[in-house]
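**Q** First the structure, which I've put down as C-alpha cells, then a few questions once you've had a look.
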Amino acid sequence: MAPVVTSVTPSQGNPSGGTPVTINGSGFTGATVVRFGSNLATNVVVVSSTQITARTPAGSGTVKVTVTGPTGTSTQNVFFLYTTVAAPVLTALSPASGPTSGGNTVTITGTNLTGTTQVLFGANPATILTNTPTQITATAPAGTSTTNVTVTTPSGTSNPLTYTYTTIPAPTITNLNPPNGPTTGGNTITITGTGLSGAIQVLFGATPATILTNTPTQITVTAPAGPPSVVNVTVTTPGGTSNPLPYVYVAAPVVIGVSPQFGPDTGGNTVTITGSNLALASAVNFGPTPATGFTVISDNQLTATAPSGTGTVVVTVTTPGGTSTLGPGNPYYTYLGAPVINTLVPNQGSELGGDSVTINGSNLTYTDALTFGGTPASFSVLSDTLVVTTTPTHAAGTVNVQLHTPAGNSNTLPFTYDPA
C-alpha cells in the first residue's frame, strides 16, 4: 500500500526554502523521496512509519506534498504554501530576570511568532511550552549574567531582548504554626521565614503539601497525611531548599474510661479520664459542654472538672491529633439529680436496731451509702424512688437519716429510737 500523507507542519514557508517541516501520515517505512511539487525536499529523516522530518526546497505558490516509498507515491491533497513571511519581532520578556538555575517560566511577547522552532537564552536553548502568533512561553535554561533572548521561526531569527540571571538566596524558615497536627492531614499550616517567593515545593518529610498562599515572608499550606512521627518541613524556591523545621504528626486521642461515671447535674466534681495520646490535650468536653478545667497527668490520664449538665453524655478529648471518637471502652458520663428523701416508713424503731424502714424519695437509683445519725445502715435500692433499709443499733433518741449518691448527700429526715 502506498504511503498516506495527512498533514504537513508548518503548512507554509519562505520561497527560498529551508523551512523545517514535519510530515504526518502512515506507511512511511522505507520512504526515500519527499517532494514539494516537483522539487525534492532535503534533510529527509524517516522518524517512524507515521512521521517524517525534512527541509523544504525552494519553490513558489501552492504545491502538493508527496512521499514516495517502496510501495508507491502518496496521492492525498496535502499542500504547502510558499509565501514571504516576516521575521519574528520581540517586544517584551516577562519576567526579564530569573535564577541562575533556570526552570522558571518566561513569557515572550512579539509578532510573527508562529511556528517557532527555537528560543535561545544566549547559546542555550529553552524548552518551548506554548506558541501563538504573538506569544511564546518557555522554560528558561540555566545561565549566568545578562544574555540575549532570540526566537527563530522558518522566516528567520528575531531581534534580541536582554534577560538577566540573578543569584537568589535560598529560603529560610523560622516558624511553623501550628507545629503539629493530625495523621489524617488536611489542616492549614502557616510557614514564616524569608526568601519564600516563588515557592516550588513544600515537603513534609518526603510528602508534598498543597501550597495555598505564597508571599516573600509567609506560605500557607494544607498538610499532607502522615504516620505518627516527627518529620522535617522544607521549602524549595528557585534559590534552593530551606533549612528544616520539625513537624509532629499526632495520633488521635482515645478515651477508654471515666471515673466516676456519675456526678451531680450541677457539675464541679473532679473526673479522671483514662485513655491514650492525651498528653497534648487542648480541650475536654462533656457532651457539647467544655469542662471548666483540666490537668494532664500523663499521656494516658488527665483529670477534668465536670461542667453542669443533664442525662448521659460522651466525654471527648481534643488534641492536635483530632478529637476522640467512640471506640473501645466506656467514655460515658451520667449527670444525676441530687437525691431527695420524702418519707420514712416507719419513722421510729427500737434502739436495738433491726427494724425495716422504707424510704420514699427521688433520684435514689445510685444510692451508695445510708446512715442513721452517722451510723451506716445496710440497704437495698428497689427503684429510683424506693429504698429499703435495716436500722443499725443506736442509743435511744432522735437522729437524722441521710443517704448519699454520686450526686451528693440527700436532705435529712428524723428517725426516733425508742428505749428497749
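**Q** What percentage of all Cα-Cα pairs in the stretch 300-380 are separated by more than 23 Å?
**A** Of all Cα-Cα pairs in the stretch 300-380, 47 percent lie more than 23 Å apart.
**Q** For mean projected area of the Cα convex hull in nm², the listed values are (1) 19.7; (2) 23.1; (3) 33.9; which was obtained by calculation from the structure presented?
**A** Given (1) 19.7; (2) 23.1; (3) 33.9, the calculated one carries the label (3).
**Q** Can you compute the radius of gyration and Dmax for the stretch 1-140, using only the Cα atoms, both in Å?
**A** 17.6, 54
**Q** Further question on the same structure: Report the local net charge at VAL5: Lys and Arg +1, Asp and Glu -1, summed over other residues whose C-beta lies under 15 Å from its C-beta.
**A** +2
**Q** Principal axis lengths of the stretch 122-191 from Cα atoms, whole Å, largest first?
**A** Extents along the principal axes, in whole Å: 59, 28, 16.
**Q** For SER410, what is the net charge nearby, where nearby means another residue's Cβ is under 15 Å from its Cβ and Lys, Arg count +1, Asp, Glu -1?
**A** Spelling it out: positives minus negatives among the neighbours equals -3.
**Q** Just to be sure I understand: of the beta bridges DSSP finds with both ends in the stretch 113-243, what percent are antiparallel, rounded to 5?
**A** Roughly 100 percent of the beta bridges in the stretch 113-243 run antiparallel, per DSSP.
**Q** What value in Å³ per residue do you get for the convex hull of the alpha-carbon atoms in the stretch 237-291?
**A** 132 Å³
Each value in this text was obtained by applying a stated rule to the coordinates, not by laboratory testing. All values reported here derive from a predicted model rather than from experimental measurement. Positions of Cβ are generated from backbone atoms using ideal geometry, with glycine treated the same way; all protein chains shown enter the neighbour counts.
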